[in-house]
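K.L.:
Here you go, one structure.
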Amino acid sequence: MITQTKKKRIKLYKDRLNILLDLAQTINEDHSIDDLLSEFEILLREELDVGKVLVYTCSDGIWRNLLISGVTPEEVAKIDVERDLLVYSGIENITLSPPENLVGFDAIIPLFHRFKAIGYVLIGDVDEEHQGISPTIKHLKLIQIISNLIIVFIENKRMQDALLEQQAMKKELELASRIQNQLIPGPDALPKHRRLSIHTIYLPHQGVGGDYYDFVKLSRNTIGFCVADVSGKGIAAALLMSNFQAVLRSAFTSRVSLRKLVHQLNRRVNESANNEKFITMFIGKYNISSRKLTYVNAGHLPPFLFEPKKGHLISLDKGCIGLGMLDVIPVIEVGRISISKNSKFLAFTDGLVELERGNKITSGLMSVEKIISNANPIEKNIEEIKAFINKHIDRRAIFDDISLIGMSFF
């Protein structure tokens, strides 16, 4: 014979099972996080008579409020998760002796996933005197099960959304990388002349970057070229550099002086960067017939010019401050130099010589000087530089974009 007590117990089990089934169906329907939290709040308050609910979750090492219901801002402000809750590893009934900062709550329910605390639920009654046995005590285990299901689902959904976002970002970066690579002259697009040999390296650190080199044919016997570097890395630097490339290509002509060109580029960088970024640049014109090189170094690492016959290594440092550092560049010094036969030129961005070692940044500048300061052909020097780069990539010492132009004059 089934007693009334057994009937009530069976009904209670059925009610709990129905609650879990309804919750599972809601989760399977893949509702939004806000909708699921709303269902969770209604379930606790209307089905289980829980008056106060406070839910914390941990994401990226930071504890945040996920749900606040029936709890005053003053009560929330008193609680510090790391101080007040991390000490609990199991359900704790605090009705009779709540800690000072948890007065007003009846129970603490820790939530774990793969042995790691991912959340805490605080529950309490609004009016305990008229409810007899606290519902928070009657339903503790059920609330823990429900809470775990909800929190694990939310964390999984967040991870899934983050993964989709990463995949979308990866596709955008791949597209941006392909577009940017089309803007950088490849071997087939470099100027060809029997009295000039040109070699380049372009290695963006994050698929896209703020480094840039280019060549512009200004006349039959004159070529323009530049190496430039935007402060910072990634998409923002790449966008600014793409804009810079378009301006340079349209403004760099045989008639414009380098001084006027640099002023024009500085104005456009200021317009595009809004004082948030700047560009360092080495820009030059080389006349193959007269063997004259005219250049401006705008805050860039000075390129090297090596004369094997004399054994001289010259740094080309005449110029001005970087582009975008000031609204108007006050002084621009134009460098002029005659290039002797078999001289070699090497211009590069700082990613080549700024190397990470532990927590320090070391310089590889002397190594690069040694590579270029010899009678070896420029082709061999470039191969040695590639070996130098690969060695430091293996050591994880490279942390920035690298662009390089090497030229030999015959």
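K.L.:
ARG195 passes all but one of (1) modelled with pLDDT of 75 or more; (2) more than 22 Å from ILE405 (Cβ to Cβ); which number fails?
P.N.:
For ARG195, the exception is condition (2).
K.L.:
Hey, another quick one. Six or more apart or on different chains, Cβ atoms under 8 Å: show the pairs whose first residue is in the range 250-261 and at pLDDT below 95 and whose second is open to solvent by 10 Å² or more (accessible area, probe 1.4 Å) and among the small types (Gly, Ala, Ser).
P.N.:
As it stands, the answer is SER254/SER219, since those pairs meet every condition given.
K.L.:
Could you list, in sequence order, the residues of the range 274-307 that are aromatic (Phe, Trp, Tyr), in a strand (DSSP E or B) and open to solvent by 50 Å² or more (accessible area, probe 1.4 Å)?
P.N.:
none
K.L.:
Now for a separate question. Within the range 72-110, can you find the residues that are open to solvent by 30 Å² or more (accessible area, probe 1.4 Å), within 13 Å of TYR56 (Cα to Cα) and in a loop (DSSP other than H, G, I, E, B)?
P.N.:
ASP80, LEU86
K.L.:
Within the range 365-388, can one find any residue that is assigned to a strand (DSSP E or B) and either within 17 Å of TYR213 (Cα to Cα) or modelled with pLDDT under 95 (or both)?
P.N.:
no
K.L.:
Could you tell me whether the range 355-362 includes any residue that is modelled with pLDDT under 95, part of a loop (DSSP other than H, G, I, E, B) and closer than 24 Å to GLN245 by Cβ?
P.N.:
Within the range 355-362, not a single residue is modelled with pLDDT under 95, part of a loop (DSSP other than H, G, I, E, B) and closer than 24 Å to GLN245 by Cβ.
K.L.:
Another question, then. Quick check: is even one residue across the range 362-380 under 28 Å from the mean Cα position of the chain (by Cα) and not small (Gly, Ala, Ser)?
P.N.:
So far as the range 362-380 goes, yes, one or more of its residues are under 28 Å from the mean Cα position of the chain (by Cα) and not small (Gly, Ala, Ser).
K.L.:
Could we say that ILE398 is β-branched (Val, Ile, Thr), assigned to a strand (DSSP E or B) and within 25 Å of the chain's Cα centre (by Cα) here?
P.N.:
Values: β-branched (Val, Ile, Thr): yes; assigned to a strand (DSSP E or B): no; within 25 Å of the chain's Cα centre (by Cα): yes.
When the stated conditions are applied, ILE398 does not pass them.
K.L.:
How about the range 42-90: which of its residues are more than 14 Å from VAL121 (Cα to Cα), among the hydroxyl-bearing types (Ser, Thr, Tyr) and within 30 Å of the chain's Cα centre (by Cα)?
P.N.:
SER59
K.L.:
Considering only residues that are outside any loop (DSSP other than H, G, I, E, B) and either aliphatic (A, V, I, L, M) or at pLDDT below 95 (or both), which ones fall in the range 308-331? Spell out how you get there, then give the answer.
P.N.:
Filtering the range 308-331 for residues outside any loop (DSSP other than H, G, I, E, B) gives 312-315, 319-320, 323.
Matches in the range 308-331: HIS312, LEU313, ILE314, LEU323.
K.L.:
Taking the range 248-273 on its own, how many of its residues are farther than 20 Å from PHE348 by Cα, β-branched (Val, Ile, Thr) and open to solvent by less than 10 Å² (accessible area, probe 1.4 Å)?
P.N.:
1
Per-residue answers, yes or no, for (1) open to solvent by less than 80 Å² (accessible area, probe 1.4 Å); (2) under 16 Å from CYS226 (Cβ atoms); (3) of a type in the set (Val, Ile, Thr):
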{"position": "MET325", "(1), (2), (3)": "no, no, no"}
{"position": "ILE332", "(1), (2), (3)": "yes, yes, yes"}
{"position": "ASN359", "(1), (2), (3)": "no, no, no"}
{"position": "ALA397", "(1), (2), (3)": "yes, no, no"}
{"position": "SER408", "(1), (2), (3)": "yes, no, no"}
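K.L.:
Something else now. Looking only at the range 366-392, filter to residues that are without any contact (Cβ under 8 Å) to a residue 24 or more places away in the chain, open to solvent by less than 80 Å² (accessible area, probe 1.4 Å) and among the hydrophobic types (A, V, I, L, M, F, W, C); which one of those is farthest from ALA347 (Cα to Cα)?
P.N.:
Only one residue tops the list, namely ALA387.
K.L.:
Take ILE337 and tell me if it is over 26 Å from the mean Cα position of the chain (by Cα), in a loop (DSSP other than H, G, I, E, B) and in contact (Cβ under 8 Å) with a residue 12 or more places away in the chain.
P.N.:
no
K.L.:
Ok, one more. Of the residues that make up the range 207-230, is at least one closer than 22 Å to ASN390 by Cα and open to solvent by 20 Å² or more (accessible area, probe 1.4 Å)?
P.N.:
Yes, the range 207-230 has at least one match.
The values are calculated or read from the model by the stated rules, or taken from the named source; none is laboratory data. Just so we're clear, the structure is a prediction, and the values are computed from it rather than from any experiment. Here Cβ is always computed from backbone atoms with ideal geometry, including for glycine, and neighbour counts include all displayed protein chains. Just the protein is used for accessible areas: all its heavy atoms, side chains included, with ligands, DNA and RNA removed. Shrake-Rupley method; radii C 1.70, N 1.55, O 1.52, S 1.80 Å.
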